[in-house]
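Chemist: Dropping the structure in here first, questions after.
The values are calculated or read from the model by the stated rules, or taken from the named source; none is laboratory data. As the structure is a computational prediction, the values presented were derived from the model and not from experiment. As a convention, Cβ positions derive from the backbone with ideal geometry for all residues, glycine included, and neighbour counts pool all protein chains shown.
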Amino acid sequence: MKFAIITHVCHIKSNNQYYGYAPYIREMNIWLKDVDKVIVVAPLMQGNPTEIDIPYKNDKIDFYKVQDFDFVNVENSFRSVLKLPKIFWNIFWAMKKADHIHLRCPGNMGLLGCIAQIFFPSKKKTAKYAGNWDQKSKQPATYCLQKWILSNTFLTRNMQVLVYGEWENQSKNIKSFFTATYSDSEKEIVIKNNIESDSVFIFVGSLVSGKNPIYAVKLVEQLVKNNKKVLLNIFGEGIERVNLENYIKSNQLENFVFLHGNQSKETLKQFYKKSHFVILPSKSEGWPKAIAEGMFWRCVPLATNVSCVPFMIDYGKRGILLEMNVKKDLAQVKEIILDQNKFEEMSKLASVWSQNYTIDEFEIEIEKLLLK
C-alpha cells in the first residue's frame with residue numbers, strides 16, 4: 001500500500017531520516033506499521049532534531065517538500081498566494097500516486113488537502129481532525145471551511161473523519177476517536193504524597209498565549225499567598241517564556257514555579273507520577289494530550305471547558321472545569337487540597353478513565369480503519 005500524508009507539521013532531515021514533533025510521529029508510526037511506501041507532503045526545515053523530535057520508523061519515504069505558509073498578515077498572505085499553486089500541485093500528485101490518502105487537520109495544508117481530495121472520490125481516505133470539532137465554538141474561517149468540506153459527503157467521499165468527542169447531528173463519515181501515549185504494559189499503581197503537605201502541579205504544552213501558561217502561574221501564586229505548600233513544574237517552549245520568567249522573578253516565585261523547557265516522554269512521565277494536578281487553561285483544544293497523560297498517572301485535571309474536555313473529566317466528577325476566574329478556580333482547588341479523600345477519589349476516577357485509551361487499543365482501531 002502507498003500511503004500519502006498531507007500535513008502542516010514541520011520536518012527535519014537528519015542522517016537520511018525524517019524527524020518531526022514526537023506525538024505526531026509516534027502516532028503516524030502506528031498508521032504506517034504495515035505500509036509498503038509512504039508519501040509525505042509537508043514543510044521541511046534546516047537544523048537538527050530536538051528533544052521533542054523523533055523519526056518515522058518506515059524507511060521507504062518519498063518526501064514532497066513544500067514551503068510553510070500562513071495568512072496572519074498582508075505581507076504573508078501575498079507571499080502565500082504565490083506559493084499555493086506549487087503546493088497544491090505537489091498535494092495533487094501525491095494523492096494520485098497513493099492507495100490511501102490521510103489528511104492532518106486543521107491547518108493550512110489540511111485545507112488544501114481537503115480541496116484536493118475532492119478530485120479522488122474513489123480512493124480510500126482518512127482525516128484526523130485534531131482540533132475542536134464543536135460546531136458552536138468560535139473558530140477561524142479556514143477551520144470552519146475544513147469542517148464543512150469534511151462533513152459534506154457529496155464533496156468528501158470514501159473518507160472516515162476522526163474527531164475528538166461525541167457530537168450530535170453529524171454526517172455518517174464522522175467518527176468519534178481518541179489518541180494515546182502509553183501502552184497497557186506501562187500501567188502501574190501510583191502512590192501520591194499527601195496533598196495537604198505538598199501539592200504539586202504540572203503544566204505541559206507550548207508556552208504561547210493560546211495555552212495560557214501564565215494563568216497556571218497566577219493560580220499557584222494565589223495558593224502560595226494562602227500559605228499552601230505548592231510547586232508548579234512547567235514543560236514546553238514558546239514565545240511566552242520570557243514573560244513567564246519575568247513574572248516569576250518580579251513576584252518572587254522562584255521557589256515555587258520552575259521552567260524545564262522541552263523534555264523527553266520518559267522525563268515527563270516521572271514528573272506526572274509525582275504531581276497531584278495537571279493544569280491546562282487553554283483557549284482551544286482537540287484532545288488535550290497533556291490532560292489525558294496526567295490523568296493516566298492519577299493527576300487530577302484542571303482544564304478549560306473547550307472541545308471534548310467536559311467529556312474527558314466527566315463534567316467535574318474526575319477533574320475541575322476552570323472558569324478562568326482566579327478567585328473561583330482557587331476555591332475549587334483549595335477544596336480538593338483540604339480533602340485528601342476527595343483527591344484520592346477524583347485521582348482514581350481520572351486514572352481508570354485515561355487507562356482505557358492506550359496505544360494497544362489505538363493500534364486495534366487504526367487497523368480497523370485501514371481494512372475498511
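Chemist: Quick check: is even one residue across the stretch 133-144 part of a strand (DSSP E or B) and either among the β-branched types (Val, Ile, Thr) or surrounded by fewer than 17 Cβ atoms within 10 Å (Cβ to Cβ) (or both)?
Modeler: no
Chemist: Are any residues in the stretch 216-240 among the basic types (Lys, Arg) and farther than 16 Å from Asn255 by Cβ, and if so, which ones?
Modeler: Listed by number, the list holds a single entry, Lys218.
Chemist: For the stretch 201-222, enumerate the residues that are of a type outside the set (S, T, N, Q), buried (at least 21 other Cβ atoms within 10 Å of the Cβ) and either not assigned by TED's automatic domain parsing to the domain that holds Trp287 or not in a helix (DSSP H, G or I) (or both).
Modeler: Those that are of a type outside the set (S, T, N, Q), buried (at least 21 other Cβ atoms within 10 Å of the Cβ) and either not assigned by TED's automatic domain parsing to the domain that holds Trp287 or not in a helix (DSSP H, G or I) (or both): Phe201, Ile202, Phe203, Val204, Gly205, Leu207, Lys211.
Chemist: Return the residue satisfying two criteria in turn: it lies in the stretch 194-213 and is more than 19 Å from the chain's Cα centre (by Cα) and without any contact (Cβ under 8 Å) to a residue 60 or more places away in the chain, and of such residues it is farthest from Gly261 (Cα to Cα).
Modeler: Ser197
Chemist: Looking for something of a type in the set (Phe, Trp, Tyr), touching a residue at least 40 places away in the same chain (Cβ under 8 Å) and either exposed (fewer than 14 other Cβ atoms within 10 Å of the Cβ) or closer than 14 Å to Ile195 by Cα (or both) - is there at least one such residue anywhere in the stretch 283-293? I'd like the intermediate steps shown before the answer.
Modeler: Initially, the stretch 283-293 is screened for residues of a type in the set (Phe, Trp, Tyr), giving 287.
Keeping just the survivors that are touching a residue at least 40 places away in the same chain (Cβ under 8 Å) gives 287.
With the extra rule that they be either exposed (fewer than 14 other Cβ atoms within 10 Å of the Cβ) or closer than 14 Å to Ile195 by Cα (or both), the set shrinks to none.
Checked the stretch 283-293: no residue is of a type in the set (Phe, Trp, Tyr), touching a residue at least 40 places away in the same chain (Cβ under 8 Å) and either exposed (fewer than 14 other Cβ atoms within 10 Å of the Cβ) or closer than 14 Å to Ile195 by Cα (or both).
Chemist: How many of the residues making up the stretch 314-372 are within 20 Å of Gln222 (Cα to Cα) and either aliphatic (A, V, I, L, M) or in contact with a strand residue (DSSP E or B) (Cβ under 7 Å, 6 or more places away or on another chain) (or both)?
Modeler: 15
Chemist: Return the pairs, sorted by first residue and then second, in which the second residue is β-branched (Val, Ile, Thr) and in a strand (DSSP E or B), the first residue lies in the stretch 8-35 and is within 12 Å of Arg104 (Cβ to Cβ) and modelled with pLDDT of 95 or more, the beta carbons are less than 6 Å apart, and the residues are 6+ apart or on different chains.
Modeler: Short answer, once both residue conditions are applied: Ile25/Ile54.
Chemist: Enumerate the pairs (first residue in the stretch 317-330 and more than 22 Å from Met295 (Cβ to Cβ); second residue anywhere and at pLDDT 95 or above and among the basic types (Lys, Arg)) with beta-carbon separation below 8 Å, excluding pairs fewer than 6 apart on the same chain, so at least 6 apart or on different chains.
Modeler: Every condition considered, the pairs that remain are Val326/Lys218.
Chemist: Let me ask something additional. Looking at the structure I just gave you, is Asp53 out of contact with any helix residue (DSSP H, G or I) (no Cβ under 7 Å at 6 or more places or on another chain) and either surrounded by fewer than 19 Cβ atoms within 10 Å (Cβ to Cβ) or not basic (Lys, Arg) (or both)? Write out each step before concluding.
Modeler: Working: out of contact with any helix residue (DSSP H, G or I) (no Cβ under 7 Å at 6 or more places or on another chain): no; either surrounded by fewer than 19 Cβ atoms within 10 Å (Cβ to Cβ) or not basic (Lys, Arg) (or both): yes.
No.
Chemist: Scan Ile202, Ile118, Ile189 and give me the residue that is among the aliphatic types (A, V, I, L, M) and touching a Gly at 6+ places or on another chain (Cβ under 9 Å).
Modeler: Working: Ile118 fails: touching a Gly at 6+ places or on another chain (Cβ under 9 Å); Ile189 fails: touching a Gly at 6+ places or on another chain (Cβ under 9 Å).
Going through Ile202, Ile118, Ile189 in turn, just one is among the aliphatic types (A, V, I, L, M) and touching a Gly at 6+ places or on another chain (Cβ under 9 Å): Ile202.
Chemist: Kindly provide the set of residues from the stretch 75-89 that are surrounded by fewer than 19 Cβ atoms within 10 Å (Cβ to Cβ) and either within 24 Å of Gln139 (Cα to Cα) or touching a residue at least 12 places away in the same chain (Cβ under 8 Å) (or both), ordered by number.
Modeler: The answer is Glu75, Asn76, Ser77, Phe78, Arg79, Ser80, Val81, Lys83, Leu84, Lys86, Phe88.
Chemist: Can you tell me which residue is farthest from the chain's Cα centre (by Cα) among those in the stretch 223-240 that are crowded, with 17+ Cβ neighbours inside 10 Å and not in a loop (DSSP other than H, G, I, E, B)?
Modeler: Val224
Chemist: Would a scan of the stretch 323-334 turn up a residue that is of a type in the set (D, E, K, R), surrounded by fewer than 13 Cβ atoms within 10 Å (Cβ to Cβ) and more than 21 Å from Trp287 (Cα to Cα)?
Modeler: So far as the stretch 323-334 goes, yes, one or more of its residues are of a type in the set (D, E, K, R), surrounded by fewer than 13 Cβ atoms within 10 Å (Cβ to Cβ) and more than 21 Å from Trp287 (Cα to Cα).
Chemist: Right, next: Which of the residues that make up the stretch 99-129 are under 19 Å from the mean Cα position of the chain (by Cα) and either surrounded by fewer than 23 Cβ atoms within 10 Å (Cβ to Cβ) or part of a strand (DSSP E or B) (or both)?
Modeler: His102, Leu103, Arg104, Cys105, Gly107, Asn108, Leu111, Thr126, Ala127, Lys128, Tyr129
Chemist: Scan the helices (runs of 4 or more DSSP H) fully inside the stretch 285-349 and keep the ones with 2 or more residues being of a type in the set (D, E, K, R).
Modeler: Because the criterion is at least 2 residues that are of a type in the set (D, E, K, R), the helices (runs of 4 or more DSSP H) in the stretch 285-349 that meet it are 289-296, 326-337.
Chemist: So, Val242, is that one under 16 Å from Ile202 (Cα atoms), modelled with pLDDT of 95 or more and in the same structural domain as Ile202 (by TED's automatic domain parsing) or not?
Modeler: no
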